[in-house]
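Every number here is computed from the coordinates shown, using simple stated rules; none is lab data. What you see is a predicted model, and the numbers here were worked out from it, not measured in a lab. Don't worry about glycine lacking a Cβ; one is built from the backbone with ideal geometry, like all the others, and counts go over all protein chains shown.
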Amino acid sequence: MRPTVLTVVSLVAAVVALTVLALPVIAIFAHTSPANLLEQLSNPVVKDALVVSLKTSVIAQLLIVLFGTPAAYLLATRRFAGWGLAIVLVELPLVLPPAVAGIGLLAAFGRMGLLGSTLESLGISLPFTQTAVTLAVAYVASPLYIRTAIAAFERTDANLVAASRTLGAGPGRTFLRVVLPLARGGLAAGLALSFARGLGEFGATIMFAGSLQRVTQTLPLAIYAEFDQNFDATLAMGGVLVLLSVVLLAGLRIGLSWQRSTSTTSPSLFGLSTST
Amino acid sequence: MATLHLDHVTVPLRTFDLDLTLDVERVVALVGPSGAGKTTALQAIAGLTTPAHGRIAVGSEVWFDQTSRTNLAPERRRTGLVFQDYALFPHMTVRQNVEYARRRPADEYLERFGITHLRDAHPPSLSGGERQRVALARALARDPEVLLLDEPLAALDTHTKAVVRTELQDVLSGLGIPVLLVTHDFEDAAALAGRISVVIDGHERQAGTAGELVARPADAFVASFTGANLLHGDAEIVGGSTRVTLANGTVVTTADEAQGPVVLAVYPWDITVAIAPPHDSAMNVVHAEVRSISEIGNRARLTIGPVTAEITAESVARLGVRPGQLAYATFKATGTRVV
C-alpha cells in the first residue's frame, strides 16, 4: 500500500520534533564524558549544590506528601462552599511565573512581609536560608502532586469504600487499607512529577532564598552561577539533572502501570487517560 | 432470630420519595423496576445513606431513628452487604478479602463456599460465579445480624445464573438471620425469597408469597411484573359472564365480573398452543400469526397475536410450529383475571 500524504507528513514532523527534543540531551553527554562527570562530582561547587538540591527536595516532597495527601483526599471526596476556590489555589503555582511565586513568598515570609514581624518575634528569619529553598520548592512543585492525587482518589470506586465500611472498618482503616493502596500508583506518579519539578526549581528559589553556595545554591542555581566560569562543571551538573529526570520519569511510568494492574479503570493524569 | 424492622424509612430521591415500611424475618425480596429505590433501601439499612425520616431496628437494637437522632455509622451496624458488582477489593487476595472483616483466619468460610483453592487469587482473575461466592463469604464472615443482597444474580450470564441461584437458595435457607434481597427479576425473587414486596416509585405496591402475587395481582403493574400478559379491552356482562372485546376484535371471557374499560391478566403458562382448531373446555381462543419463538432452557415462549404463551421446547418440536405460521392460543376464562 502507498503511504498516504498524512503518514508522510506526520513521519517528517515526528522526526523533526524528536530530533529537537533529543539534541540538547545528547549534546550534554557528548560534551561531558562519564569520567568528567565523576571528576566534577568532587568539585566543591557541584558537590555542595547536589547536596543542597537533594536535601531540600526530599524535605519539600515529604511536606508535600504529608499535607497534600489528606488535602487531596478531602478535595476529591467532598464538595463544599469554596471548593472551586480551593482548587484554584492548589493549581495556581502551576501557572504562576516562578519569579512571581518567589516575590510572593518574600512578601509573605520576608522581613518586611505579611508574617515577617510574627516570625521575627519568634526568632525565625526565613529568607536566604535552606528552609526558604524548601518552602519555594514545595510551593512550586505541590500542584503536580496534589492534582494527580486528587485524580487518583476520585478514581477509587466508591463501592469499595462503602464495602469496607459495612465490613466494620471505620473511615481511618478504610483509608489506609483500601483507598491508599488503590491510589498508590497515582500517588507515586504524582510524587515523581513533583520531585522532577522541584529539582529544576529556579525562579522562586533565587528570589526568596538567593544563591549562596552550600546554603541555598541548588543545582539549577549553580549551573547559572558557574555558566561563564566553569563550563565543564555546568555540563556535569546538567548531566546529573538529566539522569535524575530520566529516573523519575521511569518511576512515573512504573507508578502508572502499578495503578493499572490494581485498578479496573485506567489511570490518568489531570483527568486525561494515559494509555501506552 | 431478630427481625429487621423498617418503619417509614424515607429517603428523598430525584423524582419521588422512597418510603418503606417492612418487617424482615426470613428471606424477603424487594422487586421492582430499575430506579424504584430498591438499592437505596439497602443503603439506608447499611448506613450508607441517611434517611430523612423513619426508624430502622434489628430486634431491640436501633440503628437509625430520626426522632431520637440515632444514626449508627455503617461499621457499627452488623450488616453483610453483597454489592451488585460484588465490590471485592482488587488489591487483596480472596483470603484477605474474606478475612478483612474478621481480622482472623476465615478458613471455614473459604471451605463452606468452595473457594479454598482460590484463596491466593486476586478478584480480577475470578469468574462471575466465583466472585459472587467470595462476596457472600466475605459478607457472612463478618457475622452479620442482617444480610443484604443487591441484585445478586444480575452480573451473571444465563448459565452461571442458574447454578448460582441454586447455591444461593441453599445458603439463604440455612442462615437463620433476616435476609433482604433486591432484584428486578420476579423469577429470581420467587426462587430465593419466601416473601416478595413489589416496590414501585419508592412505595410498596403489594406484598405476599410469589403464589399470592401471581394468583391475585393488586394491579396491572404487579400482574405484568409477575409475568402476565396484559390485555386491554371493553367489558360487558352477557348472560352472567363477562365478555371483553379486545382492540383487535377478539372477544374473550373472564370469570371475574367487570364492566367498561378493563385490563385482563393471563399467565403464559396458562396458555396452550395448537395448530388445528382446538376442541376443549377453554373459552378463549386467539387465532393469529406466531410472531416469535424464543427458547430458554427447556421452555419456549411463543408470541401469538396479543399474547405470549409458555410451553415446553418439546411441545414446540412436536407441533412443528414456526414463526409466521397461524396458530391457536387457548386459555380458560377462570385463568383470565381482571386486574
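For B:T334 and B:R291 in the same chain, what is the full-extension length gain: residue separation times 0.36 nm, less their Cα-Cα distance, in nm?
Values: separation 43, 0.36 × 43 = 15.48 nm, distance 2.59 nm.
Taking 0.36 nm per residue and subtracting the Cα distance, the gain is 12.9 nm.
Simple spin-label estimate for B:S34 and A:H31 gives 6.3 nm between the two label positions (7 Å along the Cα-to-Cβ direction from each Cα).
Please state the equivalent ellipsoid semi-axes for segment B:34-158: what are the square roots of 5 times the Cα gyration tensor eigenvalues, largest first, in whole Å? Mind showing how you got there, number by number?
Values: eigenvalues 164, 59, 23 Å².
Ellipsoid semi-axes (Å, largest first): 29, 17, 11.
What's the Cα-based Rg to Rh of chain A, Rh via Kirkwood?
Working: Rg = 21.8 Å, Rh = 21.0 Å.
Ratio of gyration radius to Kirkwood radius: 1.04.
For segment A:137-239, the Kirkwood radius over C-alpha pairs fed into Stokes-Einstein at 37 °C and 0.692 mPa s yields D = 200 µm² per second.
Here the label points at B:M1 and B:D280, each 7 Å from Cα along the C-beta direction, are separated by 3.9 nm in the simple model. Using the Cβ-Cβ distance between B:Q259 and B:A313 with R0 = 45 Å, the FRET efficiency computed as 1/(1 + (r/R0)^6) comes to roughly 0.65.
What's the exposure ranking of B:V182, A:V215, A:V240, going from fewest to most Cβ atoms within 10 Å?
Details: B:V182 24, A:V215 15, A:V240 21.
Ordered by Cβ neighbours within 10 Å, fewest first: A:V215, A:V240, B:V182.
Just to confirm the filter: which GluC sites (Glu not before Pro) across segment A:28-134 are DSSP coil and have at most 11 other Cβ within 10 angstrom of their Cβ? Numbers along the way, then the final one.
Numbers: sites: A:E39, A:E91, A:E120; in loops: none.
Qualifying residues, ordered by number: none.
Taking label points 7 Å from Cα along the Cα-to-Cβ direction, A:K55 and A:E39 give a separation of 2.8 nm. Loop only by DSSP, 14 or fewer other Cβ within 10 Å of the Cβ. Give me the GluC sites (Glu not before Pro) in segment B:212-300 that pass, ordered by residue number. Of the GluC sites (Glu not before Pro), the ones in loops of segment B:212-300 whose Cβ has at most 14 other Cβ atoms within 10 Å are B:E257. Averaging the sequence gap over all C-alpha pairs within less than 8 Å and six or more residues apart, then dividing by the number of residues, gives segment A:59-143 a relative contact order of 40 percent.
For B:S125 and A:V247, FRET efficiency with R0 = 35 Å and r from the beta-carbon atoms, rounded to 0.05? All intermediate terms of the calculation are to be shown ahead of the outcome.
Details: r = 32 Å, r/R0 = 0.91.
After rounding, the FRET efficiency stands at 0.65.
Building the convex hull from the alpha-carbon atoms of segment B:162-236 and averaging its projection over directions returns 6.3 nm².
Between B:H53 and A:L85, what's the calculated FRET efficiency when r is the beta-carbon distance and R0 is 45 Å? Round to 0.05.
Values: r = 35 Å, r/R0 = 0.77.
With R0 = 45 Å, the Cβ-Cβ based efficiency is 0.80.
The fraction of Cα-Cα pairs per 5 angstrom bin, counted from 0 for segment B:215-339, comes to 2, 12, 22, 24, 20, 12, 6, 2, 0 percent, rounded to whole percents.
Rounded to the nearest 20, the Cβ-based charge dipole of segment A:140-198 about its Cα centre (Lys and Arg +1, Asp and Glu -1) stands at 100 debye.
Residues B:V290, A:V58, A:V16, B:V244, arranged from fewest to most other Cβ atoms within 10 angstrom of their Cβ, appear as A:V16, A:V58, B:V290, B:V244.
Each residue in A:Y224, A:Y73, B:Y86 was given a count of other beta-carbon atoms within 10 angstrom of its own, and listing them fewest first yields A:Y224, A:Y73, B:Y86.
Computed from the Kirkwood radius of its Cα pairs, the Stokes-Einstein diffusion coefficient for chain B at 4 °C and 1.567 mPa s stands at 58 µm²/s. How large is the Rg to Rh ratio of segment B:200-286 when both quantities use alpha carbon positions and Rh follows Kirkwood? That ratio is 1.00, to two decimals. In vacuum, with every alpha carbon of segment A:73-115 counted as one equal point scatterer, what does the Debye formula give for log10 I(q)/I(0) at q = 0.17, 0.32 Å⁻¹? Two decimals, please. So the normalised log intensities are -0.63, -1.00.
Starting from the exponent 0.38 and prefactor 2.2 Å, build the expected Rg for the protein assembly as shown from its residue count and divide its actual Cα Rg by it.
Values: Rg = 35.0 Å, N = 615, 2.2 N^0.38 = 25.2 Å.
After normalising by residue count via 2.2 N^0.38 Å, the value is 1.39.
For segment A:96-178, what ratio Rg/Rh do Cα atoms give with a Kirkwood hydrodynamic radius?
Details: Rg = 19.9 Å, Rh = 15.9 Å.
Here Rg/Rh amounts to 1.25.
Summarising the overall dimensions of segment B:103-198 from its C-alpha atoms, the Rg and Dmax are 13.5, 41 angstrom.
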